[in-house]
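A short write-up of the structure that comes next.
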Amino acid sequence: MKFGVIRFPGTCDDVDAQLAAARVGEAELLWHRDRDLKDVDAVIVPGGFSYGDYLRTGAIARFAPIMESVIEFAHSGGLVLGICNGFQILCECGLLPGALLVNDHLKFVFRQVQLEVVDRDTPFTRNCPPKLSIPVKHTTGRYYSPEPVQVTLRYAPGQNPNGSQDDIAGVVNNAGNVFGLMPHPEHAVDALTGSTDGLTIFESIRAAVGERVRVA
Amino acid sequence: MRARVLIRPKSGILDPQGQAVERALPALGFGGVSKVHVGRLVELDVEDASQLPAMCERLLANPLIEDYEIIENA
């Protein structure tokens, strides 16, 4: 299978996302000004500071030409994973419900967090163990939604790094094909950096895509 | 026309920036300060002011978490 990883001006986790995706499949870079998704099976909107976080995190990136193609891809059932700034962008463009606000303590937070996988019946979490250890690094990660949402990941009790509503760390859309999370699975794929739990998310996507291909 | 858009955190949503400023002021000796909120100001020249609400809804503010106020002929 082939992953596409988008690079916007200010993106900084695209290379790690590509390296992580390349452990389970092919990984191709997608440029923000292009519209061609290069026949990828899944799109990753990676972390960073797209467009300098000007106005609001993710507010400008959602209007990039590539995002029109990503929205179309998602509406036709394609798998889209948004990590950190990617999560913020997916919320801003309406593919995911809710919004991300500045951390309740106002500080940048960078640490390993323990997560509970509360929904393993998604294409993104089907191969995950019940608990994950994955790092977070953000200033704007306090998830908020006035409407009920489909929660996929929660911070374990006492682990919430940003004051997010109901300890939410990741959500999927109603159709289950768009997933956003604040922790960085692409930074947890090698034992050298403390955890390989993040890899299970990429493996889940590969398994889900493989199943779709077989069904088709 | 010169216009000014004031963007504020929606009431009921925790505003840690406002809280931090509210705590900082007494530390400098300014007492009697409460209900501090920190928002954003956007100033712009527009040919068609009737487009301002749509600009706010689609880009300048996130209506889920922010209220906006448009001041025309600013």
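Every number in this text was worked out from the coordinates using simple rules, so none of it is lab data. Note that the structure is predicted; figures quoted are calculated from it, not measured. Cβ atoms come from the backbone with ideal geometry, glycine included; neighbour counts cover every protein chain shown.
For region A:98-209, the relative contact order is 31 percent, taking Cα pairs closer than 8 Å that sit 6 or more residues apart in sequence and dividing their mean separation by the residue count.
Calculated on the alpha-carbon coordinates, the convex hull of region A:57-216 measures out at 111 cubic angstrom per residue. What percentages make up the Cα-Cα pair-distance distribution of region A:1-146 when the bins are 10 Å wide from 0? Histogramming region A:1-146 at 10 Å steps yields 11, 41, 38, 10, 0 percent. Among residues other than B:PRO53 with Cβ under 12 Å from its Cβ, the summed charge is -3 (Lys and Arg +1, Asp and Glu -1).
For a straight C-alpha distance cut-off of 17 angstrom, the lysines reachable from A:LYS2 (same-chain residues fewer than eight places away being disregarded) are A:LYS38. Put a dot 7 Å past the Cα of B:ARG2, heading toward its Cβ, do the same for B:GLU72, and the two dots end up 1.7 nm apart.
Here the protein assembly as shown is assigned +1 on the Cβ of each Lys and Arg and -1 on the Cβ of each Asp and Glu. Its dipole about the Cα centre then comes out at about 520 debye. Ellipticity at 222 nm from helices only: DSSP H runs of n ≥ 4 in the protein assembly as shown, each -39500 (n - 2.57), divided by the residue count, give -6000 deg cm²/dmol.
Note on A:VAL118 and A:SER76: with the Förster distance fixed at 35 Å, the Cβ-Cβ geometry gives a FRET efficiency of about 0.80.
For A:ASP39 and A:LEU192, what is the calculated FRET efficiency with R₀ set at 22 Å and r taken between the beta-carbons, to the nearest 0.05?
Values: r = 33 Å, r/R0 = 1.49.
Efficiency for this residue pair is about 0.10.
Which angle from 0 to 90°, rounded to the nearest 10, does the C-alpha axis of helix B:16-27 make with the longest principal axis of chain B? Long axis of B:16-27 versus the principal axis of chain B: about 40 degrees. Rounded to 0.05, the FRET efficiency of the B:GLN19 and A:LYS107 pair, given R0 = 22 Å and the Cβ-Cβ distance, is 0.95.
Please state the relative contact order of chain B as a whole percent: Cα pairs under 8 Å, 6+ residues apart?
Over chain B, the number comes to 55 percent.
Work through the residues other than A:THR139 whose Cβ is under 13 Å from its Cβ and net out their charges, Lys, Arg +1 and Asp, Glu -1. Intermediate values should be presented prior to the final figure.
Values: positive: A:ARG56, A:LYS107, A:LYS137, A:ARG142; negative: A:ASP53, A:ASP104.
Computed value for this residue: +2.
For chain A, modelled as a GNM whose springs connect Cα atoms under 10 angstrom apart, the maximal fluctuation among A:PHE87, A:PHE202, A:PHE49 occurs at A:PHE49. Over the protein assembly as shown, the reciprocal of the mean inverse Cα-Cα separation, the Kirkwood hydrodynamic radius, stands at 19.9 Å. With the convex hull drawn around the C-alpha atoms of region B:2-72, the volume per residue stands at 96 Å³.
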